[in-house]
Amino acid sequence: MTDSQMIREIKEGNTELYSELMRRYQRKILAFIYHMLKSAHLELMAEDLCSETFYKAFRSLHSFREVDASFSTWLYTIARNTVLSELRKQRAGSVPLEESGIVPVAPSELVPEQAILRSEKVGLVREAINNLPEKQRSALILREYDQLDYQEIANVLGQSVSAVKSLLFRARSSVKSQLEPYFYEQTYEPYEGMKSR
């Protein structure tokens with residue numbers, strides 16, 4: 001059953017189908033929200049905001065029009081707006097850690113050297129992405145992690161396709177320049193007397 005067929009049935013009263021619709025998109029939406037929250041160190045709120053996104057989508061499903069956008073694009077837009085709203089709230093009144101519901105977790109065991117190096121590289125990439133301006137970060141996450149096409153990203157961000165391409169170009173350039181010092185392999189010029197192969 002396609003999204004369109006499911007939405008029609010849900011609008012006609014078969015609300016049980018909404019759980020199937022949620023299952024289709026929950027992992028992608030959760031990952032998108034998680035990446036958006038990472039820069040504010042609020043990743044632990046991702047599941048709550050994902051639930052809130054699906055709740056808002058369900059409440060507003062009657063107003064969804066497929067002519068305007070696909071269901072996934074509409075859902076990503078709701079997720080993005082939900083996260084931005086939460087980030088504004090967090091900035092407005094910094095909540096102490098005890099009241100935030102965030103529980104710090106210590107690593108449970110030592111990790112082998114290769115895993116540590118990989119983890120550091122992943123951390124550097126995430127940090128570089130988190131340092132991007134919000135629209136560039138959102139565009140990059142939607143394209144690289146969620147595999148949305150340019151038109152879908154444009155719909156989610158309320159931008160033109162050419163603006164999305166520009167955002168992605170600037171985002172990739174910025175990430176590359178931030179990571180170059182860490183991933184640059186130094187090359188040596190052969191000196192006199194060195195055998196060349």
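Values quoted throughout were computed directly from the atomic coordinates according to the rules given, and no laboratory measurement underlies them. Just so it is clear, the model here is predicted, and its values are computed rather than measured. No Cβ is skipped: glycine too gets one built from the backbone with ideal geometry, and neighbour counts run over all protein chains shown.
Across the cross-link table entries LYS38/LYS165; LYS121/LYS165; LYS38/LYS89; LYS56/LYS135; LYS38/LYS135; LYS11/LYS56, which are compared at the Cα atoms, the separations over 18 Å belong to LYS38/LYS165; LYS121/LYS165; LYS56/LYS135.
Ranked by the mean number of other Cβ atoms within 10 Å of their residues, highest first, the peptides 127-136, 151-160 come out as 151-160, 127-136. Computed from backbone phi, the HN-Hα couplings of the stretch 172-182 come to 5, 4, 5, 4, 4, 5, 5, 8, 3, x, 8 Hz, rounded to whole numbers (Karplus: 6.51 cos²θ - 1.76 cosθ + 1.60, θ = phi - 60°; Gly and Pro given as x).
Please work out the FRET efficiency for the pair GLU180 and ARG23, using the Cβ-Cβ distance as r and a Förster radius of 41 Å; give the result to the nearest 0.05. Kindly include the intermediate steps, with their values, before the conclusion.
Working: r = 41 Å, r/R0 = 0.99.
That pair, GLU180 with ARG23, gives E of 0.50.
Note on MET1 and GLU47: the model spin-label points, each 7 Å out from Cα along the C-beta direction, lie 2.7 nm apart. Mean projected area of the convex hull spanned by the Cα atoms of the stretch 1-44, taken over all viewing directions: 3.7 nm².
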